[in-house]
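Worksheet for the structure shown next.
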Amino acid sequence: MAQRIAVIPGDGIGPEVAAVGVRLLTRISEARALGLQFDWFDFGAERYLRDGTILPDGFMDTLRRDYAAIYFGAVGDPRVPGNEHAKGILLAIRFELDLYINLRPCQLLDDRLSPLKGKGRRELDFVVLRENTEGLYTGTGGTFKKGTEDEIAQEVEINTRKGVERICEAAFAVAEANGKRRVCMADKANVLLHGHGLWRRVFAEVARRHPGIDAKAMFVDALAMDFVRQPESYQVIVTNNLFGDILTDLGAALTGGLGLAASGNIHPGRVSLFEPVHGSAPDIAGQGKANPLAMALSGALMLEHLGHSAEARLVEKAVRLQIAEGAHTPDLVPALGGPAATTDAVGGELLARVEKLLA
């Protein structure tokens, strides 16, 4: 049976990297008879500025009913100063489809990309699971006496037992499925006594159900320091929405930069969304400077979610070979050397490597 993929390239460099990613996955699907079908949607700043559409009525139901996954480029455009279209697309999909797992692998693919002295591929290999539907990103709060010298602004952090428990369970499941023995939960329970006290208690309860895993809780500031000092100590990290957002960008910086950072927004067994982390980067849009490898690696995560593990490993291997032997976009040149290549040139080489691996 066909598996339909909704492609939303979005803004900025999103369409450039999405074109590379879809071309790659289409070829793999044809060669391996995976039955992937890609349907393109033009939601983003251009559509919003043209006719006011963010997402049409009923689109979430269409995704739930008709699609296996969403392959997402990026949203964000300076012509929409409040980025209301971005919130209405990406955040709406995350919340309304209940994509509670934000999965961010942080794996160094080439020792030359490590910014840490003496730390290479063996030491820099962990994954972060960020709670994706609660925390400080729900928009709960408000302002009082806005614009006056007496203004009060409140942002309310939401933590539910259900939300905390299911993301902690997901972290242990990821560890067990991948032969990992260590899970670390990051919080700030020494200051945020109520919400993060809940995280501590629930994490301890979940850990007792998984006695084969070494579980520990850490304050997030200590964990951030440890990422730099001894990243080899960590295999699976689970944390809340805000801390996960910060820690995963640090993880990307330690493993080659945002141009290689992939992510999945996942609800197991349901339609889920896969996107590179780099954002729309409007300052380089249309210049052929965007790195398409994060989009390719996000495609690998999507293939894994769809049950095509062998093809996911094939994409990952092609990316590793591209980094080791091929041309690179400008973001990787300082570490890897050589002249800078365009997005399309790197994408073309990557497709050729996939062809060889398929053969």
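The values are calculated or read from the model by the stated rules, or taken from the named source; none is laboratory data. Computed from a prediction, not measured in an experiment: that's the story for all the values here. Counting neighbours? That spans all protein chains shown, and the Cβs are built from the backbone with ideal geometry, glycine included. These area figures cover heavy atoms from the full protein model, side chains too; ligands, DNA and RNA do not enter into them. Shrake-Rupley method; radii C 1.70, N 1.55, O 1.52, S 1.80 Å.
At a probe size of 1.4 Å, how large is the accessible area of F227, to the nearest 10 Å²? Using a 1.4 Å probe on the heavy atoms, I get roughly 0 Å².
A straight Cα-to-Cα reach below 23 Å connects K317 with the lysines K119, K180, K289, K356, residues fewer than 8 places away in its own chain not being considered.
What is the percent carbon and sulfur in the accessible area of the range 77-214, measuring with a 1.4 Å probe over the protein chains and ignoring ligands?
Values: 3680 of 7190 Å².
About 51 percent, which is the carbon plus sulfur part of the accessible surface.
Packing around the peptides 71-77, 210-216, taken as the average count of other Cβ atoms within 10 Å per residue, puts them in this order, highest first: 71-77, 210-216.
Separation of the range 253-297 from the range 189-237 is 26 Å, based on Cα centroids. Of the residues R50, R27, the one with the largest accessible area comes first in the ranking R50, R27, computed with a 1.4 Å probe on protein heavy atoms.
As a test, work out the antiparallel percent of DSSP beta bridges whose residues both lie in the chain, rounded to the nearest 5. Working shown, then result.
Details: 19 of 47 bridges.
Antiparallel bridges make up about 40 percent of those DSSP assigns within the chain.
Using a cutoff of 8 angstrom between alpha carbon atoms and counting only pairs six or more residues apart, the relative contact order for the chain works out to 22 percent.
Rank-order 117-124, 29-36, 264-271, 179-186 by packing density, defined as the average count of other C-beta atoms within 10 Å over each peptide's residues, highest first.
The most tightly packed comes first, giving 179-186, 264-271, 29-36, 117-124.
For L49 and E169, what does the FRET efficiency come to when R0 = 41 Å and r is the distance between their Cβ atoms, rounded to the nearest 0.05? Working from the Cβ atoms, E equals 0.45. Both radii are taken from the alpha-carbon atoms of the range 1-93; with Rh as the Kirkwood radius, Rg/Rh is 1.01.
Above 35 Å lies some portion of the pair distances; for the chain, what is it as a whole percent of all C-alpha pairs?
23 percent
Translational diffusion coefficient of the range 62-147 (Stokes-Einstein, Kirkwood radius from Cα pairs, 37 °C, 0.692 mPa s): 197 µm²/s. Here is the P(r) of the range 156-302: all C-alpha pair distances, binned every 5 Å from 0, give 2, 8, 16, 19, 21, 16, 10, 5, 2, 1, 0 in whole percents. Eigenvalues of the alpha-carbon gyration tensor of the range 271-359, scaled by 5 and square-rooted, set the equivalent ellipsoid semi-axes at 23, 17, 10 angstrom, largest first.
Remark on the range 89-235: Rg and Dmax equal 17.8, 56 Å (Cα only).
Shape analysis of the range 231-327 based on the Cα gyration tensor places the equivalent ellipsoid semi-axes at 21, 19, 16 Å, largest first.
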